[in-house]
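Everything below concerns the one structure shown next.
Values quoted throughout were computed directly from the atomic coordinates according to the rules given, and no laboratory measurement underlies them. Computed from a prediction, not measured in an experiment: that's the story for all the values here. Every residue, glycine as well, gets a Cβ built from its backbone with ideal geometry; the counts of neighbours run over all protein chains shown.
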Amino acid sequence: MAENTTRTAYTVESLLAVTVEVFNERGYDGTSMEDLSRAAGISKSSIYHHVRGKEELLHLAVGRALDALFGILDEPAAGTGRPVDRLEHVVRRTAEVLLAELPYVTLLLRVRGNTATELWALERRREFDHRVAELLRAAVAAGELRSDVEPRLATRLLFGMINSIVEWYRPGVRAADGVAEAVVHLAFDGLRAAH
């Protein structure tokens with residue numbers, strides 16, 4: 001009886017949480033609707049009651065990660081003040097969002113462009129990276145960051161460090177406390193212009 005209650009209680013959000021877990025474990029291409037049905041403990045028709053299919057679930061999942069990342073760029077601290085302070089805020093918040101939305105960002109980082117949704121997600125990631133690179137360029141132009149590291153390279157290295165968190169961080173095994181601050185200190189101690 002309790003199992004039936006659980007099945008009817010599924011929402012798009014709870015279905016998405018299970019879906020992201022399965023996609024991250026098996027890969028998007030390696031996951032069937034049957035796999036999702038089994039993992040969620042509901043019938044395929046129940047899944048189709050909520051969404052049109054597997055690609056819509058992927059779109060919702062990577063969209064959640066992208067919305068969180070782009071939301072950072074709309075925060076007041078990302079839009080006002082010295083460029084270096086704005087960039088530092090974006091880097092810190094990106095690490096925080098990654099930690100808070102770990103399964104969704106992990107999935108976003110694993111898309112390869114095999115579907116229309118994946119191509120859309122990759123384009124949005126490039127747009128985010130481009131906007132951060134512009135902020136980094138502004139900080140270099142203001143003399144706040146070193147000018148001997150090309151901004152696109154510096155941006156890729158910054159995000160390489162941040163994105164690597166998905167490979168080693170495990171909630172419950174290691175506390176998230178201090179991770180975002182460590183990223184900021186490691187990055188900006190090496191990027192700040194000497195005065």
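Highest mean first, how do 126-139, 146-159, 98-111 rank when packing is the count of other Cβ atoms within 10 Å averaged over residues? The partial results should precede the final answer.
Values: 126-139: 18.2, 146-159: 15.7, 98-111: 20.9.
Highest-to-lowest ranking by the protection proxy: 98-111, 126-139, 146-159.
Could you give the DSSP H helices of the chain that reach 27 angstrom or more along their long axis (alpha carbon positions) and whose average Kyte-Doolittle hydropathy is no lower than 0.0?
Working: long enough: 54-73 (29 Å, 0.84); 116-141 (37 Å, -0.29).
Once both thresholds are applied, what remains is 54-73.
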- Of all trypsin sites (Lys or Arg not before Pro) in segment 12-108, which ones are in loop regions per DSSP and have a Cβ with at most 12 other Cβ atoms within 10 Å? ARG52
- Query: Given H placed on each backbone N at 1.01 Å, which residues far from LEU145 in sequence or on other chains put an amide H within less than 5 Å of it?
  - Reply: VAL140, ALA193
- Query: Relative contact order for segment 27-150: what is it in percent, counting Cα pairs under 8 Å that are at least 6 residues apart?
  - Reply: 25
- Positive end of the charge dipole of the chain (Lys, Arg +1 and Asp, Glu -1 on Cβ, about the Cα centre): tell me which of VAL51, ALA180, VAL90 has its Cα farthest that way. VAL51
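From the C-alpha gyration tensor of segment 100-151, pull out the three semi-axes of the equivalent ellipsoid (sqrt of 5λ each), sorted largest to smallest, in whole Å. Spell out each step's value before the answer.
Details: eigenvalues 173, 32, 14 Å².
Sorted largest first and rounded, they come to 29, 13, 8 Å.
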- Residue-span extension gain [SER164 to GLU34] - 0.36 nm each, minus C-alpha spacing: 43.7 nm
- By Cβ neighbour count within 10 Å, fewest first, TRP120, TRP168 rank TRP168, TRP120
